[in-house]
Amino acid sequence: MTSPTRTPFAWPGLLAGLCLGLLLAPTVQAQGLDKRLREAEEKRIAVIEKVKPSVVAVLNAQGNNGGSGVVIDENGYALTNFHVVAATGPVMKCGLADGKLYDGVVVGIDKVGDVALIKLLPKKPGNKFAFSRMGDSDKVKAGDWSLAMGNPFLLATDFTPTVTFGLISGVHRYQYPEGALLEYTDCIQIDTSINPGNSGGPLFNMDGEVIGINGRGSFEKRSRINSGVGYAISINQIKNFMGHLRAGLDVDHASLGARIESEDEDGSLNKMVVRALLECDAARRGLDNGDQLVSFANRPMGSVNEFKNVLGLFPRGWRVPLVYRRDNSSKAEILVRLMGVQRQVVEDDKNPQPQPGPRPRPGPQVPSNSPAAKLYEPKAGFANFHFNKLERDRLLAAFRKQGDFSAFKGEWDWKGSGEAQEQKTIFEVNVRDEKTADGKGTQPVVRLSIRGLDYKLEPLQSKLPPGDLKAPAKSGGFITAMYHYRQLLVMGEKGFEGDFSHGGYEPMYMPTPAGQKPDYTKQRIMTEVLRTRHAGTSVKWFFSQADGTLVGFEVTVDRDEDPCEVYLSDYKAIEGGQKLPHRIQVHHGNENYCDLKVEAWKLAK
Amino acid sequence: MIRQRWMVCSAVMLLACITASSARADGSLAQVAQQVNPKLVKVFGSGGFRGLASYGTGLIVSPDGYILTVVSPLLDTRDLRVHLSDGRRYHCKMICMEPELDIALVKIDTKEKLDDLPYFDISALAKKQPVDAGTGVLAFSNQFQIATRDEPMSVQRGRVAAYAKLQARRGIFAAAYKGNVYVVDAITNNPGAGGGALTTRSGELIGIIGKELQNEATNTWINYAIPISAAVEVIEAENKKRMVSIAEVVEKKEKYAPSRKDELKTKEENYHGIVLVPDVVEFTPPYVEEVRPGSPAEKAGLLPDDLIVYIDGEQIPNIKAFKEIMGTIRPGTKIALEVRRGDKLQTLSLTVAEPRKKPR
């Protein structure tokens with residue numbers, strides 16, 4: 001069975017079959033034109049002039065074999081396709097419309113979504129780049145006009161971008177991946193002409209905002225040139241991945257952990273049904289085989305394409321609301337943590353397993369003479385670890401402004417009252433170093449007292465009973481969480497030997513108050529994530545994007561179980577001026593574990 | 001009637017076209033797209049092999065679910081289905097085909113009461129004059145099967161480049177329809193686009209997008225649509241002439257009597273001397289029953305029981321295809337026959353002769 005091929009528009013290198021035509025058009029006198037037409041034309045020309053300096057010709061170090069891109073901020077960060085940088089290698093050359101060639105380096109990659117973030121190096125440190133703003137691709141409609149810009153056929157040796165003008169043919173389109181990669185979900189279909197070399201270039205709306213990244217077309221009998229059907233990755237999808245890309249990650253896409261099938265009945269609209277559910281977060285939240293998927297991430301589900309479209313919008317690990325219906329009874333809304341698509345390398349920090357399947361081809365060599373090579377640091381799980389360090393350190397610096405605790409290496413004690421498992425309680429947490437049994441050194445000891453029970457944890461003990469880290473029961477590991485919290489505040493990077501990296505952007509949802517219906521749109525806070533690993537335990541820390549406050553963290557003691565979710569709020573300054581949370585809420589699985597008010601923080605140096 | 005006005009397209013006229021299209025505010029094409037989309041259906045049928053798409057497009061032409069599309073192997077199935085713009089899915093039955101116009105009428109086959117579908121009023125539209133070259137157009141179709149269920153059609157924009165006779169073929173099959181078509185400057189005729197709508201920029205239907213065909217002279221792919229006003233003259237039995245039109249097909253529905261093109265064809269069939277086994281089922285393989293003595297077939301070395309697999313590289317899946325292809329080959333043409341004899345493939349060369357007068 002043959003099916004139309006959907007091939008990415010990477011320029012293969014050779015200039016083949018290029019036809020040059022000379023067009024002779026009757027010149028229409030300007031004064032004869034309708035005023036509105038002239039205005040529309042002038043506006044279009046002005047928009048093209050405005051965005052032109054931001055369009056990039058992406059080339060390999062030898063100055064050929066590339067695609068296009070678009071600069072999205074004054075520091076020279078630019079978007080392109082993954083399949084473009086896969087050909088150029090991590091260090092490349094970038095031509096701008098000013099005719100100059102700049103050095104560029106890969107920042108982050110999204111192999112499944114076919115997106116890469118690169119950074120252009122200014123000719124002089126501090127020089128700013130012209131850039132284009134990102135628009136809202138959800139506002140784009142079939143029938144809108146669009147402009148595609150780039151360097152098709154590598155035509156322009158002075159890097160003046162080619163502009164083509166055309167219609168949006170469809171939105172929310174789904175295009176199957178090639179293998180597991182280059183899946184175009186929720187993409188924009190255009191009749192705007194794109195050709196080999198246009199890959200990675202911007203699709204603009206008529207206000208000059210970037211609404212997509214042009215990447216592929218549908219081809220069948222006609223050759224691999226414009227067939228009237230091109231596709232651009234929607235910019236709103238890319239925005240969800242932007243934090244990951246800026247953090248130098250090799251970002252993974254999401255899967256639900258179930259297959260969604262259409263019931264495929266004649267007549268009425270499609271019912272989407274959950275099948276082959278794996279042991280995953282969705283299952284633990286209550287989803288079951290045979291349930292009808294009503295909506296996913298707030299979008300109603302009417303076809304398999306629609307489901308795949310929405311799934312493709314999110315990075316692995318994001319939580320999204322899901323509404324399902326069982327046996328025609330009432331609907332239920334749950335918050336689902338999405339699984340990954342590709343195999344994980346990062347978290348198995350001890351023995352990363354080689355990935356099965358085709359081995360990654362050895363990429364082009366990094367030219368050592370390029371100044372961009374100094375900004376490239378390879379590391380497993382990252383596209384470029386150099387940029388992860390930049391983002392991580394920026395995040396930490398902002399966090400430290402709320403309070404520097406590095407001097408408080410002594411005993412910490414905080415206590416108060418509240419509710420735990422629907423009972424009133426007082427609580428106290430104490431972390432301090434105590435002499436080891438052999439008397440030769442010291443080790444941290446955590447004590448927690450809640451609901452009249454006392455818990456003790458020596459987190460660095462090598463042979464811990466499995467229940468100790470997860471104590472108290474039904475909290476998922478509140479005691480471990482408190483230890484890691486102090487560890488982050490006091491030790492910072494030095495406290496986490498396993499991993500200490502930026503994890504991109506992610507929404508976090510404050511817990512739903514007991515007895516209330518969830519309103520996830522209201523409960524949602526956009527955060528920047530810090531990932532740490534210490535003493536065999538992984539933690540994800542959520543810092544509010546708005547002001548850098550640590551609003552919560554998730555402690556994963558056992559990867560096959562739900563984490564202990566800790567939510568921090570009611571920040572107030574303590575004696576030394578540092579701000580600390582005075583409300584601590586813990587949620588585990590489907591239940592709120594506790595809601596505590598801190599009445600006193602005692603920190604010793 | 002040959003219209004030549006498009007050739008003398010003056011700057012004045014171009015100006016008029018441009019002005020007309022610019023009179024609408026920005027974004028209105030999106031509204032037009034939303035208005036046209038509900039009158040189109042996605043068609044799913046047989047195919048999916050050797051470059052034949054198993055999907056296509058259709059136009060709703062009545063509130064109770066008659067659908068106009070182009071003739072294609074896609075329709076050659078009992079399991080023909082359509083998806084409406086709101087996501088409803090229905091089975092369809094074939095009503096009639098008109099080979100000279102290359103169009104087919106199918107109907108939604110359901111027990112549900114259907115009487116309020118949005119539709120194109122073909123009778124009214126067929127009365128309008130064809131639009132001129134230079135007119136801005138939109139094309140709507142489910143090319144490349146991008147959409148299913150309630151996902152909207154692809155919309156493309158272009159201009160009518162010419163209004164002229166279609167001279168096209170697909171491989172060595174000549175196009176069935178030979179009347180006037182709108183040639184479009186956009187790449188509209190992709191896989192699955194056949195049966196789609198060509199409209200003006202304000203959404204008025206002017207044509208039905210045709211198949212994937214190549215220009216006879218240059219072998220380049222043509223982007224064309226059959227005008228809704230299309231009518232062609234056919235010669236029926238006893239040399240009776242008759243005009244057939246899209247409007248007539250749509251109006252008469254079940255009562256429409258197609259021109260019997262196949263019968264006419266056999267009468268004119270070029271002489272090759274191959275007698276095939278009786279064509280009894282839908283997909284009878286073209287086995288040779290007999291080779292006429294002294295015929296081109298005998299000279300070519302064809303033997304009874306040979307199975308004809310390819311003619312000039314084109315696969316011949318059944319007797320119908322064999323007849324169709326032989327009807328399009330000019331006398332004196334040398335064709336390459338690939339036949340299966342036993343378990344081996346053989347290539348033979350046959351020169352087609354003039355049609356012979358049939359003994360009465």
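Bear in mind that the values in this text are calculations on the coordinates, not laboratory data. Because the structure is a prediction, the values reported are computed rather than measured. Please note: Cβ atoms are built from the backbone with ideal geometry, for glycine as well, and neighbour counts cover all protein chains shown.
Once the piece of chain linking A:E493 and A:R583 is laid out straight, how much longer is it, given 0.36 nm per residue of separation minus the C-alpha distance between them? Spell out each step's value before the answer.
Values: separation 90, 0.36 × 90 = 32.40 nm, distance 2.52 nm.
My answer for the length gained is 29.9 nm.
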Q) What nm distance separates the two modelled labels at A:K35 and A:A276, each placed 7 Å from Cα along Cα→Cβ? A) 6.3
Q) At a Förster radius of 25 Å, what calculated FRET efficiency corresponds to the Cβ-Cβ distance of A:R447 and A:E591, to the nearest 0.05? A) 0.55
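Which GluC sites (Glu not before Pro) in the stretch A:542-598 sit in a loop by DSSP (not H, G, I, E or B) and have at most 16 other Cβ atoms within 10 Å of their own Cβ? Mind dumping the intermediate values first?
Numbers: sites: A:E554, A:E561, A:E565, A:E575, A:E591; in loops: A:E561, A:E575.
Passing sites in the stretch A:542-598 are A:E561, A:E575.
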Q | Pair A:E42, A:D560: separation of 7 Å Cα→Cβ label points (nm) | A | 7.1
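Could you tell me the relative contact order of the stretch B:100-205? Use alpha-carbon pairs under 8 Å, at least six residues apart, and round to a whole percent.
Numbers: 140 pairs, mean separation 33.0, N = 106.
Result for the stretch B:100-205 is 31 percent.
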Q: Please state the charge dipole magnitude for the protein assembly as shown, taken about the Cα centre, from unit charges on C-beta atoms (+1 on K and R, -1 on D and E), reported in debye and rounded to the nearest 20.
A: 1440
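With a Förster radius of 30 Å, plug the Cβ-Cβ distance of A:K239 and A:S295 into 1/(1 + (r/R0)^6) and report the FRET value to the nearest 0.05.
Details: r = 21 Å, r/R0 = 0.70.
For R0 = 30 Å, the calculated efficiency reads 0.90.
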Q: Mind scanning A:K331/B:K111; A:K494/A:K572; A:K572/A:K597; B:K107/B:K253; A:K100/A:K124 and naming the pairs with a C-alpha gap bigger than 20 Å?
A: A:K331/B:K111; A:K494/A:K572
Q) Can you give the relative contact order of chain A as a percent, counting alpha carbon pairs under 8 Å and 6+ residues apart? A) 10
Q. Is the stretch B:296-351 best put as rounded, prolate or oblate by its Cα gyration tensor, with a ≥ b ≥ c the root eigenvalues, rounded for a/c under 1.5, and otherwise prolate when a/b is larger than b/c, oblate when not?
A. oblate
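Tell me, B:E233, B:E100 in order of fewest to most beta-carbon neighbours within 10 Å?
Ascending number of Cβ neighbours within 10 Å: B:E233, B:E100.
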Q. Can you tell which of A:A380, A:A397, A:V171 lies farthest toward the positive end of the dipole of chain A, using +1 and -1 charges on the Cβ of basic and acidic side chains (Lys, Arg; Asp, Glu)?
A. A:A397
Q. Among B:A297, B:T333, B:P317, whose Cα lies farthest out toward the positive end of the dipole of the stretch B:264-351, if unit charges sit on the beta carbon of Lys, Arg (+1) and Asp, Glu (-1)?
A. B:T333
Q | Acute angle (nearest 10 degrees) that the helix A:35-51 long axis makes with the longest principal axis of chain A, alpha-carbon atoms | A | 60
Q.
Which aspartates and glutamates, if any, have their Cα less than 15 Å from the Cα of A:K141, not counting same-chain residues under 8 positions apart?
A. A:D186, A:D191, A:D207, A:E209, B:D26, B:E151
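What area, in nm² and to one decimal, does the C-alpha convex hull of the protein assembly as shown cast on average over all directions?
On the way: hull surface 195.2 nm².
Reported value for the Cα convex hull: 48.8 nm².
Ignoring everything except DSSP H segments at least 4 long, calculate the 222 nm mean residue ellipticity for the protein assembly as shown; use -39,500 (n - 2.57) per segment, divide by total residues, nearest 500.
-4000 deg cm²/dmol
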(Q) List the pairs from A:K374/A:K579; B:K299/B:K320; A:K271/B:K42; A:K401/A:K435 whose alpha-carbon separation is above 30 Å, in the order I gave them. (A) A:K374/A:K579; A:K401/A:K435
**Q.** DSSP-defined antiparallel bridges as percent of all bridges, chain B, nearest 5
**A.** 100
Q: Would you be so kind as to identify which of B:V234, B:F44, A:S303 lies farthest towards the positive end of the dipole of the protein assembly as shown, taking Lys and Arg as +1 and Asp and Glu as -1 on Cβ and the Cα centre as origin?
A: B:V234
Q: Between B:G313, B:G194, B:G136, find the one with the highest GNM mean-square fluctuation for chain B; connect C-alpha pairs within less than 10 Å.
A: B:G313
(Q) Using Cα springs under 10 Å in a Gaussian network model of chain B, which residue among B:E236, B:E248, B:E151 shows the largest mean-square fluctuation? (A) B:E236
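Ranked by Cβ crowding within 10 angstrom, fewest neighbours first, how are B:I206, A:I45 ordered?
Numbers: B:I206 21, A:I45 11.
Least to most surrounded, the residues fall as A:I45, B:I206.
At a Förster distance of 22 Å, what's the computed FRET efficiency of B:Y310 paired with B:T351, Cβ-Cβ distance as r, to 0.05?
Details: r = 17 Å, r/R0 = 0.78.
My answer for the efficiency is 0.80.
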Q | Burial ordering of A:F314, A:F165, fewest other beta-carbon atoms within 10 Å first | A | A:F165, A:F314
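Apply the a/c threshold of 1.5 to the C-alpha gyration tensor of the stretch B:149-224 and tell me whether it is rounded, prolate or oblate. Working shown, then result.
Details: a/c = 2.07, a/b = 1.51, b/c = 1.38.
In terms of gyration-tensor shape, prolate.
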Q | Under DSSP loop assignment and at most 14 Cβ neighbours within 10 Å, longest chymotrypsin sites (Phe, Trp or Tyr not before Pro)-free interval of chain B | A | B:50-282
Q.
If amide hydrogens are placed 1.01 Å from N in the peptide plane, which non-local residues have theirs closer than 5 Å to the one on B:I228?
A. B:G207, B:I208
Q: Considering Cα pairs under 8 angstrom that are at least six residues apart, work out the relative contact order of the stretch A:64-143 and quote it in whole percent.
A: 34
Q) How would you classify the stretch B:5-227 from its alpha-carbon gyration tensor, with a ≥ b ≥ c the square roots of the eigenvalues: rounded for a/c under 1.5, else prolate if a/b is greater than b/c, otherwise oblate? A) oblate
